[in-house]
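No lab work stands behind these numbers, since they all come straight from the coordinates. Just so it is clear, the model here is predicted, and its values are computed rather than measured. Positions of Cβ are generated from backbone atoms using ideal geometry, with glycine treated the same way; all protein chains shown enter the neighbour counts.
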Amino acid sequence: ARGCFPAAARPWIPVDVHADVVAAGGSGAVVYLDRSASMQGYLRAGGARESFIPDLLRYPPWGADQTGYKLFGEGEAMTEAPAADLDRLMRAQAYDAKASHIDAALEGMADEAPNRLTILISDLWMDNRQKAVSDAAALGEPLRRIMASGRGVAVYGFNLPYQGRILDSLPSGRRNVEARRRPLYLVAAGPPDRLAALDRELDRQIWRARRR
């Protein structure tokens, strides 16, 4: 196993990559993709070396087989995205929703079958003005349901190049703030073995990108 070798040597140790991709993608996966306008900046910034969202969609670490995509924005209803739409989702123009209901996406993840891997890709800026509860309560309840079902939750943050204004309300109240980098998050829920396989495959892909 790669973990038996020193950290500096691990990227160069061959592993059975196919087995990890199959394990991460077994029993299907569902990806919830934030299509709010604030996501455009990630697509506009960087070149091929740092095109993170297109890389995720083109070479999904959760496996391409039996993967469904659901888009969420200002409404609480999810929009199914057929595989043919993936090319469109690699371009900034596809992200034009005025807000994002992350709570609705998490509720959708909680409703999925416990043996299924679910992925949320978002900047995690939530528009909660239509809710009568706090953000913590709105997000905490679906997470509680996920974990009560025996699934685990993994959260990854990536500090990525960004080009454009931050469209969300900042705690400082400032507006029209330009950003060159912003964090993008990947929240995964599923059985522990599938989360472990996803973690290994993400680690492999990130090391590969650094060596390009």
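Things to note:
- Sequentially through the range 193-204, phi angles give Karplus couplings (6.51, -1.76, 1.60; θ = phi - 60°) of 5, 6, 5, 5, 5, 4, 4, 5, 6, 4, 4, 5 Hz, Gly and Pro residues having no value and appearing as x.
- Measuring r between the beta carbons of ARG91 and ASP65 and using R0 = 25 Å, the FRET efficiency lands at 0.55.
- In order along the range 94-99, the phi-based Karplus estimate (6.51 cos²θ - 1.76 cosθ + 1.60, θ = phi - 60°) of 3J(HN,Hα) comes to 6, 10, 9, 6, 7, 7 Hz; Gly and Pro are listed as x.
- Length released on extending from ALA77 to ASN159, taking residue separation times 0.36 nm less the Cα-Cα span: 26.6 nm
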